[in-house]
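One structure is given here, and the rest of the page talks about it.
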Amino acid sequence: MNSAPVLYGPDNRPLRQSGAAPYGSHEVSRLAGGLRGSLSNWFVSRNSEHSERAERQTIADRAEDLAANDTHAASSIDSIAVNSIGTGLIPQSRPNAKVLGWSEKQVRDFQTQAEWAWHIWQQKCDAAGRLAFWQNCLVAVRTLLVKGEFFRIPLMVTRPGKIFSFVLQSVDPLRIYTPSDLSEKSNIKDGVEFGEHGIPKAFWVANPKGGFINNDLSSKDFTRVLAAAGHRPGMIHTFISKSEEQARGISILAPAMKFFKDLNDYLDFELVGAIIASSFPVFIETSDPYGTADSFDNSVNNNSTKTRYQETSPGSVMYGNANEKPHILKSDRPGNSFDSFVERILRAIGASIGMPYEVISKDFSRTNYSSARAALLEAWRVFAVYQKWMVDGFCQPVWMMVLEEAWLRGMIQLPKGSPDWYDAIFAYTRASWTPPRKGHVDPLKEIKAHVLAIQNNISTLAAVTAETGQGDYESNLEQRARERGMEKEKDIVPPGGVKPENVKAENTNTKEPSDNG
């Protein structure tokens, strides 16, 4: 048996042979994992199976209170909701022509039928009969931000005057939790019943008498809603997942919730202090205890001592006559650092929710074009995440169910030789979703950039139209064709343009420059 080679160090002495450490290689100790210095009291607490729901509900309650009563929290929620959803995410049918074996005309015919069916359904999509689909999305994303999640139950309801039976029933997230008699079941976590591989199997929805929700309700006071019924979802549950085994959503306000509350209290106290300071009277001191006694009311306290008082209006002056001496009461609040302090807190709050200071405060007074555009681009990246999450987790499944019912009702006719609907359902129901219009910081610069991108094949008309929220580029081209036809008919020259009938002539008469100049 050969022995291991002997290695020598720089001092010509044999080096100690190294072997495998009993628990793997030993690395340097990291301060982040130690209990030294200022980290000596840093102990992280983790929720138990039973405390998780209580903490989540407390966060949701506090977030709802902030969204209702805190100006900056309300601004944050509304800014994300309005810019992410606004007047709705608009679907454009994009069936996969290669998979389906369709011609371009067959694709356009299907798109027209599918989008018309959607137009009919979306106006009366709410089970309660109140919301159109864009309004439903706006409420959903707002609930997603405040409570961390939203729930919708797809139902089939037949009503007079309705073409479609499919509707969406909204469910408050606080109604979904584990019944008291099922709290020991390991496969039910915070109202979600899981199956194999962690897939949601059912949801337990509290339905108590009188509507009062408490922790003592048993399973007889709940409705068990299946997560899926065949190929269709039985419950649509959407939340921003930030960990691998997360079962429920958490409010976006949670990381900075203390900042929101403390800043709101601080501003309230400063405002009250300013009101009091502006109401301080000027009091004139006198050595004559009876000089103004007749103008005061008398009050007797429990010790039978007389207390003289008088209500004064803001800014009033009181005279004591003989030996008078003025005392002006003043307040030095807020201090000179008030604006910078509030701005710093708002920037920290904005960082926690991914929003720049300008969007939360609605203050663009100290920004130039470059900084304003940078702030808005950063915000739009966040908006795009919420849009994508809404599309994949809510809008696209709903689109598929609408088109399925439209096909079953004969509102969508498939070309002869097409695959069966259920064999190619994903090819039939492929769609793109147009977000709300972004707007421009400097329209001229940005439109020129889009034109150059299209001319140099960096972008497409469809991509630019979708990015700017200008609807469907195909519909836009059809509309422009109609407008050009009317311009030609009425002999109108567009501003900065030429008559439509002269475009071809100009192109024909234009010669390419020769190499010789």
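Some observations on this one:
- Enumeration of residues in the stretch 426-453 that are part of a loop (DSSP other than H, G, I, E, B) and farther than 25 Å from LEU414 by Cα: PRO435, PRO436, ARG437, LYS438, GLY439, HIS440, VAL441, ASP442
- Counting the residues of the stretch 83-130 that are acidic (Asp, Glu) and farther than 24 Å from PHE164 by Cβ gives 1.
- Flag if ASN264 is surrounded by 14 or more Cβ atoms within 10 Å (Cβ to Cβ), touching a residue at least 24 places away in the same chain (Cβ under 8 Å) and in contact with a Ser or Thr (Cβ under 9 Å, 6 or more places away or on another chain): yes
- Residue in the stretch 369-376 that is in the same structural domain as GLN169 (by TED's automatic domain parsing) and either over 24 Å from the mean Cα position of the chain (by Cα) or part of a loop (DSSP other than H, G, I, E, B) (or both) present: yes
- ALA117 crowded, with 19+ Cβ neighbours inside 10 Å, outside any loop (DSSP other than H, G, I, E, B) and over 25 Å from the mean Cα position of the chain (by Cα): yes
- Every listed requirement among (1) in contact with a Phe, Trp or Tyr (Cβ under 7 Å, 6 or more places away or on another chain); (2) under 22 Å from TRP102 (Cβ atoms); (3) buried (at least 17 other Cβ atoms within 10 Å of the Cβ) is met by VAL441 save one, (2).
- SER361 being touching a Pro at 6+ places or on another chain (Cβ under 6 Å) and touching a residue at least 12 places away in the same chain (Cβ under 8 Å): no
- Within the stretch 391-425, the set of residues being more than 22 Å from GLY88 (Cα to Cα), free of Cβ contacts under 8 Å to residues at least 24 places away in the same chain and surrounded by fewer than 14 Cβ atoms within 10 Å (Cβ to Cβ) comprises LEU408, GLY410, LYS416, ASP420, ASP423.
- Filtered by the rule that a residue be among the polar types (S, T, N, Q) and over 27 Å from CYS395 (Cβ atoms), the stretch 427-478 gives GLN455, ASN456, ASN457.
- Exactly one residue out of ARG56, ARG62 is assigned to a helix (DSSP H, G or I), buried (at least 20 other Cβ atoms within 10 Å of the Cβ) and within 26 Å of the chain's Cα centre (by Cα), and it is ARG56.
- Those residues of the stretch 344-363 which are under 22 Å from GLY148 (Cβ atoms) and surrounded by 15 or more Cβ atoms within 10 Å (Cβ to Cβ), in sequence order: ILE349, GLY350, SER352, ILE353, GLY354, MET355, VAL359, ILE360
- Close pairs (6 angstrom Cβ cut-off, 6 or more residues apart or separate chains): closer than 17 Å to LYS416 by Cα and of a type outside the set (Gly, Ala, Ser) in the stretch 97-118, assigned to a helix (DSSP H, G or I) and modelled with pLDDT under 95 anywhere: VAL107/ALA97
- Single residue of the stretch 454-472 satisfying the filter (part of a helix (DSSP H, G or I) and modelled with pLDDT of 80 or more) that is nearest to ASP109 (Cα to Cα): ALA462
- Within the stretch 232-283, restricting attention to residues that are out of contact with any helix residue (DSSP H, G or I) (no Cβ under 8 Å at 6 or more places or on another chain) and under 20 Å from SER170 (Cα atoms), the residue that is modelled with the lowest pLDDT is ALA247.
- Qualifying residues in the stretch 87-106 (those that are in contact with a Leu (Cβ under 9 Å, 6 or more places away or on another chain) and outside any loop (DSSP other than H, G, I, E, B)) - the one nearest to MET390 (Cα to Cα): SER93
A quick yes/no check of all residues on (1) touching a Ser or Thr at 6+ places or on another chain (Cβ under 8 Å); (2) over 21 Å from SER51 (Cβ atoms):
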{"site": "LEU182", "(1), (2)": "yes, no"}
{"site": "ASN187", "(1), (2)": "no, no"}
{"site": "ASP190", "(1), (2)": "yes, no"}
{"site": "PHE194", "(1), (2)": "no, no"}
{"site": "ILE199", "(1), (2)": "no, yes"}
{"site": "TRP204", "(1), (2)": "yes, no"}
{"site": "LYS209", "(1), (2)": "no, yes"}
{"site": "ASN214", "(1), (2)": "no, no"}
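- When every residue of the stretch 446-453 is checked against the conditions, at least one turns out to be at pLDDT below 85 and under 30 Å from SER75 (Cα atoms).
- The single condition among (1) surrounded by fewer than 17 Cβ atoms within 10 Å (Cβ to Cβ); (2) assigned to a helix (DSSP H, G or I); (3) not polar (S, T, N, Q) that ALA128 does not satisfy is (2).
- Screening the stretch 473-490 for residues that are basic (Lys, Arg) and in a helix (DSSP H, G or I) and picking the one that is nearest to GLY86 (Cα to Cα) gives ARG480.
- Residues satisfying the stated conditions in the stretch 180-203, i.e. free of Cβ contacts under 8 Å to residues at least 60 places away in the same chain, in contact with a helix residue (DSSP H, G or I) (Cβ under 8 Å, 6 or more places away or on another chain) and within 16 Å of ARG248 (Cα to Cα): ILE188
- Within the stretch 226-272, the set of residues being closer than 30 Å to MET156 by Cβ and outside any strand (DSSP E or B) comprises ALA227, GLY230, HIS231, GLY234, MET235, ILE240, SER241, ALA247, ARG248, GLY249.
- Condition check for PRO436 on (1) exposed (fewer than 15 other Cβ atoms within 10 Å of the Cβ); (2) closer than 19 Å to GLN92 by Cβ; (3) in contact (Cβ under 8 Å) with a residue 60 or more places away in the chain: one failure, at (1).
The values are calculated or read from the model by the stated rules, or taken from the named source; none is laboratory data. What you are looking at is a predicted structure, and each value in this text was computed from that prediction instead of being measured. In this analysis, Cβ positions are derived from the backbone assuming ideal geometry, glycine residues included, and neighbour counts consider all displayed protein chains.
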